[in-house]
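What follows draws every value from the coordinates through simple rules; no lab data is involved. No experiment lies behind these values; they were computed from the predicted model shown. Positions of Cβ are generated from backbone atoms using ideal geometry, with glycine treated the same way; all protein chains shown enter the neighbour counts.
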Amino acid sequence: MTRKIYTEDLIRKELKEKRPDLKIISVERINYINRVTVSCENNHIYTTSLHNLFNGKKCKICSGQKVEVGVSDLKTTRVDLIKFLKDKNDAYKYMENSNSKIIVVCPICNHEKEIRVQHLSKNGLGCIYCSDKISAPNKFLRGVLKQLNLDYELEKKFDDNNYRYDAFVDSKFIIEMNGIQHYKTTNYGKVEDISKNDELKREYAESIELIQIDVDCRFSDFEFIKGNFIASVGEYIDLTNIDWDLVFKSMNLNILVEICKAWNEDKSMLPGILAKEFMLDKHTIIRYLKTGNSIGLCKYDSIEEMRKSARRNWSYNKNKE
Ligand SMILES: [Zn+2]
Ligand SMILES: [Zn+2]
């Protein structure tokens with residue numbers, strides 16, 4: 001058997017038959033290997049071996065393996081992510097579904113971490129250092145409750161058990177903002193276990209004559225939650241005067257950052273006042289301020305604050321005497 005000798009003419013002829021999708025630009029022979037430069041249907045020019053071309057290998061840009069600057073790079077498709085990139089050149093190197101790891105920097109606390117580009121695209125930065133750990137649906141709920149003229153308690157627990165409800169409103173309603181874990185198994189646990197617990201919670205609420213309203217928040221998208229909130233809660237509570245722009249804002253606020261800001265503006269503010277303002281308990285406020293101090297968002301000296309608080313209590317008791 002004689003080996004076929006590929007002259008340039010033969011290469012051009014066979015490629016034309018086997019790969020009519022390509023335009024041949026040049027053929028070179030380097031170290032006994034034929035390297036062919038071609039242009040694909042979308043005019044991407046690349047060089048590869050004759051072997052690859054005969055095997056049907058697609059253009060890397062068209063098949064999504066290679067980024068095309070100005071078309072599929074992060075800078076073009078996901079400008080919202082650029083602020084997180086430590087090396088701004090990464091904006092041109094990756095596509096949003098890339099599995100590659102890059103270094104990102106939290107714009108709030110400057111913490112750096114490694115993350116896969118596709119994870120960043122899908123879930124955002126998710127900084128564990130400055131996160132307020134309050135879910136978007138719960139921030140949404142706070143944004144609404146703040147505007148209603150009704151009494152409410154967040155994270156409500158009743159005396160008979162350990163169930164915790166998202167909100168207890170107007171002494172008659174329970175509102176539960178149900179995230180994805182209520183619909184499918186996640187890191188939070190098996191969906192069967194969570195559903196079972198949901199059922200028990202609902203039974204208890206009904207046993208004390210409360211109306212429980214569940215809001216489907218399986219996606220943390222504002223319009224999705226708003227639609228479901230109006231459809232379910234709106235049946236019982238008048239929502240016509242709600243300013244949804246304000247709710248949108250509160251859903252996107254980092255509460256830890258806001259508390260640090262408020263503290264920076266007025267250090268005489270007592271955690272109790274901040275607690276009221278931000279609908280959290282005092283201990284959570286103090287925890288946020290301590291975190292804020294450790295990541296440089298505010299100056300909070302817990303020992304000094306404890307001394308101040310002791311002095312305040314002392315003078316208060318003295319005045320009472
Ligand atoms: Zn191409
Ligand atoms: Zn951070």
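Points worth noting:
- Between region 6-55 and region 156-192, the Cα center-to-center distance that results, in Å: 62 Å
- Ignoring aspartates and glutamates fewer than eight residues from K318 along the same chain, none have Cα atoms less than 14 angstrom from its Cα.
- In region 74-123, the inverse of the mean reciprocal separation of distinct Cα atoms equals 10.6 Å; this is its Kirkwood hydrodynamic radius.
- Neighbour-limited loop hits for GluC sites (Glu not before Pro), region 205-299 (at most 13 other Cβ within 10 Å; DSSP other than H, G, I, E, B): E209
- For region 1-153, the convex hull spanned by the alpha carbon atoms encloses 189 Å³ per residue.
- Paramagnetic label zone (point 7 Å from Cα along Cα-to-C-beta, Y163; backbone N under 18 Å) in region 180-202: 182-183, 192-202
- Over all projection directions, the Cα-based convex hull of the chain averages an area of 27.6 nm².
- Cys with no candidate disulfide partner in the chain (beta-carbon separation under 4.7 Å rule): C217
- Value at 222 nm in deg cm²/dmol, rounded to 500, when DSSP H runs of n ≥ 4 in the chain each add -39,500 (n - 2.57): -11500 deg cm²/dmol
- Scaled against the 2.2 N^0.38 Å expected of a compact globular protein of N residues, the Cα radius of gyration of region 255-320 reads 1.13.
- 30 Å Cα-Cα reach of K13 towards lysines, excluding residues that sit fewer than 8 places from it in its own chain: K4, K23, K57, K58, K60, K66
- Fewest-first sequence of V79, V247, V191 by Cβ atoms within 10 Å of each Cβ: V79, V191, V247
- Here is the size of region 136-243 from its Cα atoms: Rg then Dmax, 13.6, 38 Å.
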